[in-house]
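Single-structure report; data block below.
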Amino acid sequence: MFALTNTVPSLEGAFDDVMGSALGYATRAARFSPCVDVVSTAHELVFQLDVPGVSYNDLDVTVEKGSRTLAIRGTRKYAAAPDGQRIVLGRSYGDFAITYTLPETCDGDRLVAHLADGVLTLRVPKTPKSAPRKIRIGGGGTPQAAL
């Protein structure tokens, strides 16, 4: 139905992150990657991304017309107390980017985005021509002409 491309986190510091987490002294946050649900209904595709702690200003949603590519980018920022020392960082932070190729049956020009309670919801309407057409069944022994 659609294709997903997710950015691959850098391997920089991967060994330190794994060992630090295993031994309980990670001082670098893991890379943030939001969980995503995609639901298809008769009239739209709905994307829901968990983005707790990410503000409107740190999100960017675009649709490229020619390629039907939906791109979702954002940043979850680390905000420590000015005099705070990082002891353990169990939550993830940083930039993320996810792209999808929308099916031809969707109208990316009418995409609507809404952020509430840490969930980014994107609704992409399907085009009317992609909706199933009800076929009338005639009876009484005489074939019906095509409508």
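Worth pointing out:
- Look at (1) surrounded by fewer than 17 Cβ atoms within 10 Å (Cβ to Cβ); (2) farther than 21 Å from VAL124 by Cα; (3) under 15 Å from the mean Cα position of the chain (by Cα) and you find that GLY53 fails only one, number (3).
- Members of region 63-81 found to be in contact (Cβ under 8 Å) with a residue 40 or more places away in the chain and not in a strand (DSSP E or B), listed by number: LYS65, ARG68, TYR78
- Among the residues of region 134-147, at least one is at pLDDT below 90, surrounded by fewer than 17 Cβ atoms within 10 Å (Cβ to Cβ) and in contact with a Lys or Arg (Cβ under 8 Å, 6 or more places away or on another chain).
Yes/no matrix, rows are residues, columns are (1) within 21 Å of ALA30 (Cα to Cα); (2) within 18 Å of the chain's Cα centre (by Cα):
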| site | (1), (2) |
| --- | --- |
| ASN57 | no, yes |
| VAL61 | no, yes |
| ARG68 | no, yes |
| ARG76 | yes, yes |
| GLY84 | yes, no |
| LEU89 | yes, no |
| ALA116 | no, yes |
| THR127 | no, no |
| GLY138 | no, no |
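- Taken over region 39-55, the criterion of being assigned to a strand (DSSP E or B) and touching a residue at least 40 places away in the same chain (Cβ under 8 Å) is satisfied by GLU44, LEU45, VAL46, PHE47, GLN48, LEU49, ASP50.
The values are calculated or read from the model by the stated rules, or taken from the named source; none is laboratory data. Since the model is a prediction, treat every value here as computed from it, not as a measurement. Quick reminder, even Gly has a Cβ in these numbers, built from the backbone with ideal geometry, and neighbours come from all protein chains shown.
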